[in-house]
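Right, one structure below, let's go through it.
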Amino acid sequence: MSETAEKTQTKAVYVKSYGCQMNVYDSQRMADVMGTEGYREVATPEEADLILLNTCHIRERAAEKVYSELGRVRVIKEEARARGRKVMVGVTGCVAQAEGEEIVRRAKVVDLVVGPQSYHRLPDLVARAGVTPGVVDTEFPVEDKFKVLPAASEARTRARGLTAFVTVQEGCDKFCTFCVVPYTRGAEVSRPITQILAEVEKLAASGVREVTLLGQNVNAYHGAGPEGSEWTLARLLHRLADVPGIARLRYTTSHPREMSDDLVAAHRDLASLMPSLHLPVQSGSTAVLKRMNRKHTRDDYLRLVDRIRQARPDIALTSDFIVGFPGESDADFADTMDLVRQVGFAAAYTFAYSARPGTPGAEMDGHVAESLQTERLHALQALVTAQQQAFQESLIGRTVDILFEKAGRKPGQMVGRSPYLSPVQVIAPSSVIGSIVPVRITGAKTNSLDGVLAADAHMMAVHAAE
Ligand code: SAH
Ligand code: SF4
Ligand code: F3S
């Protein structure tokens, strides 16, 4: 077959992800499900017959991004049409769920709008939109989309490399008053153990060494076990640690209220459970936490941090913060700064509160002026960056296990990941890729580390002594 004949037979899909890691995972599954329909995945929208924007609704700026992107996509679609080629455009993800038909009204370029619980129906929806553009599916169906979505293709699992995400839980019943996720992702659902195990075993067989379990409230996981009982996240982690080839496990994102004793103990008992934990607290003020409906106090969080550090003293804690939530006073903000100083985070995401339509927070009194939000954000960011730098520097001189993933930018340099997630650059033979090798950390920047292979460091020490 000539190359041109091949091209006319194969359609191409381009998926762009915004927002959280669950969207990244979902984008891969959407590419997989379209793969079963003869679509290959491409890296640029210009090459695609189907362009999917997998969107995020968490803050106003994230949600608005999709409309500017749709402006660019319109140009691509029109240019393709001028050359006689039809391009279809879909909006998926959390903006799709939240805005539904409104998107089609606002942006005529859009052929289909698909919410996160309908991705298994994508081929059918694309076919329908090919006949009549403007298809919208934002139902929360009762069937299990994970059961219907195809297992990741062999080629894709091979291409994924050494680390992979696996969604184990989706949705949220917590209803924090600032947050859209319970509305865009629906109620909490846990995938059954056998499904997760099959996916992880497949990933391991294709060379994956590190798996991150994903969920909006991943530590609330309560999936059906093979023998009919319910399994906790801790029990799932213990089981996955036994999968041959899987050397490292992580999970994200956790809610402080769901850090059960067995999960804390897993951080003590499971060597393959990496010593880093993302544990969003949002605020250090109990009064603000109450208005946020977080259902935990400042002291609950501090006590929890103590329990976790008792189980795993070297754990690197990271967190999320919102500043300028309605009613946040100077004293409330001082409490947040104080909590950060007390805990000492390895890193943190900081956000200015963004009022989201339909959430209780958007109706609350005590609006904080944007200038004050920005001032607080800068103060918090400065503190967090200093802590991040200090954490990185605390690793200098230590020997840590690095999972080597790829060649670095400089000749002879390989890049791997520390147990604490930061990338590490090391001069090493390319044969280290895929292995976990002890490395002595020699230098620290805010976002990455430098090191030498521990074996080399040992040789250097011997030579120096001679
Ligand atoms: N499920 C996770 C977080 C999901 S959203 C959890 O429970 O923590 C990721 C982060 O975005 C949140 O932790 C919060 O810090 C931030 N965020 C969510 N809604 C926001 C809003 N309306 N304004 C600003 N930041 C927000
Ligand atoms: Fe949003 Fe709160 Fe649910 Fe996290 S726990 S997804 S912040 S409602
Ligand atoms: Fe955004 Fe939806 Fe994730 S709102 S953060 S893409 S769950």
Within the set of pairs 6+ apart or on separate chains, which have a first residue in segment 180-194 that is among the hydroxyl-bearing types (Ser, Thr, Tyr), a second that is open to solvent by less than 10 Å² (accessible area, probe 1.4 Å) and more than 13 Å from ligand 3 (Cβ to nearest atom), and C-beta atoms under 7 Å apart?
Ser190/Val168; Ser190/Tyr221; Ser190/Gly223
Ala379: touching a residue at least 12 places away in the same chain (Cβ under 8 Å), assigned to a helix (DSSP H, G or I) and surrounded by 15 or more Cβ atoms within 10 Å (Cβ to Cβ), yes or no?
yes
Would you say Leu395 is touching a residue at least 24 places away in the same chain (Cβ under 8 Å), under 30 Å from Tyr183 (Cβ atoms), surrounded by 14 or more Cβ atoms within 10 Å (Cβ to Cβ) and of a type outside the set (Asp, Glu)?
no
For Glu363, all conditions in the list (1) of a type in the set (D, E, K, R); (2) touching a helix residue (DSSP H, G or I) at 6+ places or on another chain (Cβ under 7 Å); (3) more than 9 Å from ligand 1 (Cβ to nearest atom) hold save one; what is the number of the exception?
(2)
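Scan segment 316-333 residue by residue and report those that are hydrophobic (A, V, I, L, M, F, W, C) and more than 26 Å from Ile58 (Cβ to Cβ).
So in segment 316-333, the residues hydrophobic (A, V, I, L, M, F, W, C) come out as 316-317, 321-323, 325, 331, 333.
Correct list: Ala331 only.
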For segment 157-174, check the following and say yes or no: at least one residue is open to solvent by less than 30 Å² (accessible area, probe 1.4 Å), touching a Leu at 6+ places or on another chain (Cβ under 7 Å) and over 28 Å from Ala31 (Cβ atoms).
no
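Would you check if Gly434 is surrounded by fewer than 19 Cβ atoms within 10 Å (Cβ to Cβ), within 23 Å of Met274 (Cα to Cα) and touching a Gly at 6+ places or on another chain (Cβ under 9 Å)?
Details: surrounded by fewer than 19 Cβ atoms within 10 Å (Cβ to Cβ): yes; within 23 Å of Met274 (Cα to Cα): yes; touching a Gly at 6+ places or on another chain (Cβ under 9 Å): yes.
Answer is yes for this residue.
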Yes/no for Val95 being crowded, with 21+ Cβ neighbours inside 10 Å and either in contact (Cβ under 8 Å) with a residue 12 or more places away in the chain or within 24 Å of the chain's Cα centre (by Cα) (or both):
yes
Reported set for segment 170-204 where residues are away from ligand 2 (no atom under 11 Å from the Cβ) and part of a strand (DSSP E or B) is Val189, Ser190
Any residue that is closer than 22 Å to Leu203 by Cα, part of a loop (DSSP other than H, G, I, E, B) and within 24 Å of the chain's Cα centre (by Cα) - is there at least one of those in segment 218-234?
yes
Lone qualifier among Ile58, Ile103, Ile51, Ile76 - being touching an Asp or Glu at 6+ places or on another chain (Cβ under 7 Å) and either within 30 Å of Gly361 (Cβ to Cβ) or not small (Gly, Ala, Ser) (or both):
Ile76
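Quick check on my filter: what residues within segment 233-263 are among the basic types (Lys, Arg) and open to solvent by less than 10 Å² (accessible area, probe 1.4 Å)? Reasoning before the result, please.
Initial filter on segment 233-263 (among the basic types (Lys, Arg)): 235, 239, 248, 250, 257.
Correct list: Arg248 only.
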Gly19 meets each of (1) closer than 18 Å to Arg121 by Cα; (2) modelled with pLDDT of 95 or more; (3) of a type outside the set (Ser, Thr, Tyr) with one exception, condition (1)
Can we say Ser354 is away from ligand 2 (no atom under 16 Å from the Cβ) and among the polar types (S, T, N, Q)?
no
Six or more apart or on different chains, Cβ under 7 Å: which pairs go from a residue in segment 205-232 that's within 16 Å of ligand 2 (Cβ to nearest atom) and of a type in the set (A, V, I, L, M, F, W, C) to one that's assigned to a helix (DSSP H, G or I) and open to solvent by 60 Å² or more (accessible area, probe 1.4 Å)? Could you list them?
Leu214/Gln21
For the subset of segment 180-216 comprising residues that are among the aliphatic types (A, V, I, L, M) and open to solvent by 10 Å² or more (accessible area, probe 1.4 Å), which member is farthest from ligand 3 (Cβ to nearest atom)?
Ala205
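Going by the conditions given, is Asp111 closer than 24 Å to Glu37 by Cα, surrounded by 12 or more Cβ atoms within 10 Å (Cβ to Cβ) and free of Cβ contacts under 8 Å to residues at least 12 places away in the same chain? Write out each step before concluding.
On the way: closer than 24 Å to Glu37 by Cα: yes; surrounded by 12 or more Cβ atoms within 10 Å (Cβ to Cβ): yes; free of Cβ contacts under 8 Å to residues at least 12 places away in the same chain: no.
The answer is no for Asp111.
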Among (1) without any contact (Cβ under 8 Å) to a residue 24 or more places away in the chain; (2) assigned to a loop (DSSP other than H, G, I, E, B) - the single one Ser371 does not satisfy
(2)
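When you check Thr318 against the structure, is it of a type outside the set (Lys, Arg) and touching a Gly at 6+ places or on another chain (Cβ under 8 Å), yes or no? Reasoning before the result, please.
Details: of a type outside the set (Lys, Arg): yes; touching a Gly at 6+ places or on another chain (Cβ under 8 Å): no.
No, not satisfied.
The values are calculated or read from the model by the stated rules, or taken from the named source; none is laboratory data. Just so it is clear, the model here is predicted, and its values are computed rather than measured. We place every Cβ from the backbone using ideal geometry, glycine too, and count neighbours over all the protein chains shown. Just the protein is used for accessible areas: all its heavy atoms, side chains included, with ligands, DNA and RNA removed. Shrake-Rupley method; radii C 1.70, N 1.55, O 1.52, S 1.80 Å.
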